[in-house]
Amino acid sequence: NTKLSASVPPGPPIYVDLAYIPNHCSAKNVDQEFFKRVRSAYYVVSGNDSSNGEPSRSVLDALLEGKAQWGSNLQVTLIPTHDTEVTREWYQQTHEKQQELNIMVLASSSTVVMQDESFPACKIEF
């Protein structure tokens, strides 16, 4: 008895260049089925609220489980918008599995300065 994710309709997998993991990478709407069906070259992880479980470790683990079922070893890049304890621990504890599945985690590599504000950023080219 397989539970289908409410946010992913039945049908074949879809391939996209860039996907934003819904609901700030919260486990409320995203599970392994999402990653089995929404196959993206880049996934954006935007969660930064540990009190609400965002980002969720179970969602990051679901990425590994879902990607393992793709049947092809396409490269996937994960782009966290915040440096959180959850993503850092997940990265360190699952690094070997990430390499095996051809998943790369992109760290913020530059800073954007706009007027009086500055913030980390990643450049993505298609």
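The values are calculated or read from the model by the stated rules, or taken from the named source; none is laboratory data. Treat the numbers as computed from the prediction; the structure is a model and nothing was measured. Virtual Cβ from ideal backbone geometry, glycine too; neighbours counted across all protein chains shown. With ligands, DNA and RNA removed, areas are computed over all heavy atoms of the protein, side chains included. Shrake-Rupley method; radii C 1.70, N 1.55, O 1.52, S 1.80 Å.
Here are some notes:
- Considering residues of the range 80-101 that are touching a Ser or Thr at 6+ places or on another chain (Cβ under 9 Å) and open to solvent by less than 50 Å² (accessible area, probe 1.4 Å) only, the residue nearest to Arg57 (Cα to Cα): Val86
- The set of residues in the range 16-45 being within 21 Å of Asn102 (Cα to Cα) and among the hydroxyl-bearing types (Ser, Thr, Tyr) consists of Tyr20, Ser40, Tyr42, Tyr43.
- Here the condition is being under 14 Å from the mean Cα position of the chain (by Cα) and at negative phi; of Asp116, Asp49, Asp83, it holds for Asp83 alone.
- Applying a threshold of 6 Å to beta carbon distances and a minimum spacing of six or more residues, or different chains, the list of pairs starting in the range 37-53 at a residue that is basic (Lys, Arg) and ending at one that is assigned to a strand (DSSP E or B) reads Arg39/Tyr15.
- Candidate set: the range 68-121, residues that are assigned to a strand (DSSP E or B) and in contact with a helix residue (DSSP H, G or I) (Cβ under 9 Å, 6 or more places away or on another chain); chosen: the one nearest to Val45 (Cα to Cα): Pro80
- Considering only residues in the range 1-22 that are modelled with pLDDT of 85 or more and surrounded by 15 or more Cβ atoms within 10 Å (Cβ to Cβ), the one that is nearest to Leu74 (Cα to Cα) turns out to be Ala19.
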